[in-house]
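Working notes, beginning with the structure itself.
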Amino acid sequence: MERVPILEIEGILLVSIQIDLHDQSVLALQEDLAERISASGAHGVVIDISAVEIVDSFIGRMFATIASLSRLFDADTVVVGMRPAVAITLVELGLTLGGVRTALNLERGMRILRELGTRRRGQL
């Protein structure tokens, strides 16, 4: 099974999904990401899905689950690069992706997480 690489940039974990997601790879990604957030203390996660052409209900729920896991480790999640067909499918499936922020591209997603991290540090 191919694993999705997780990169760290300035306290933000970047997950770029470039493979076809299957149930096992999604479960492995959730586990890997939880471990990396815990180990690194990252304050944000960006999931780049620009290469994802189709989603099913399991994959759609995975985004919400990752956001929930991230919040448990005090990190925010932004999904970037969503194609129109993927957005339409998620709406048709009735998936709201509660707690998941979205951005059109990686640059905007990183900016959102940097701003959230700055606000969080200002509150401490």
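The values are calculated or read from the model by the stated rules, or taken from the named source; none is laboratory data. Fair warning: this is a prediction, and the values are worked out from it, not measured in the lab. Here the Cβ is made from the backbone with ideal geometry for all residues, glycine too, and neighbour counts use every protein chain on show. Surface accessibility is based on the protein's heavy atoms, side chains included, excluding ligands, DNA and RNA. Shrake-Rupley method; radii C 1.70, N 1.55, O 1.52, S 1.80 Å.
The table below lists the values:
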{"item": "Hits in region 60-75 - residues which are farther than 23 Å from Leu116 by Cα and either in a loop (DSSP other than H, G, I, E, B) or open to solvent by 10 Å² or more (accessible area, probe 1.4 Å) (or both)", "result": "Arg61"}
{"item": "Some residue of region 41-59 being over 20 Å from Met110 (Cβ atoms), assigned to a helix (DSSP H, G or I), among the hydrophobic types (A, V, I, L, M, F, W, C) and modelled with pLDDT under 85", "result": "yes"}
{"item": "Residue in region 98-116 that is in contact with a strand residue (DSSP E or B) (Cβ under 6 Å, 6 or more places away or on another chain), modelled with pLDDT under 90 and in a helix (DSSP H, G or I) present", "result": "yes"}
{"item": "Among (1) open to solvent by 70 Å² or more (accessible area, probe 1.4 Å); (2) under 24 Å from Arg3 (Cβ atoms); (3) among the hydrophobic types (A, V, I, L, M, F, W, C); (4) in contact with a helix residue (DSSP H, G or I) (Cβ under 6 Å, 6 or more places away or on another chain), the one test that Val78 misses", "result": "(1)"}
{"item": "Neighbours by Cβ (under 7 Å, 6+ apart or cross-chain): first from region 58-72, within 22 Å of Asp20 (Cα to Cα); second polar (S, T, N, Q) and outside any helix (DSSP H, G or I)", "result": "Ile66/Thr77; Ala67/Thr77"}
{"item": "Residues of region 82-107 that turn out to be surrounded by 14 or more Cβ atoms within 10 Å (Cβ to Cβ) and over 19 Å from Val55 (Cα atoms), as a count", "result": "1"}
{"item": "Complete set of residues in region 1-50 that are of a type outside the set (S, T, N, Q), open to solvent by 40 Å² or more (accessible area, probe 1.4 Å) and over 14 Å from the mean Cα position of the chain (by Cα)", "result": "Met1, Glu2, Arg3, Ile9, Glu10, Asp20, His22, Asp23, Glu35, Ala39, Gly41"}
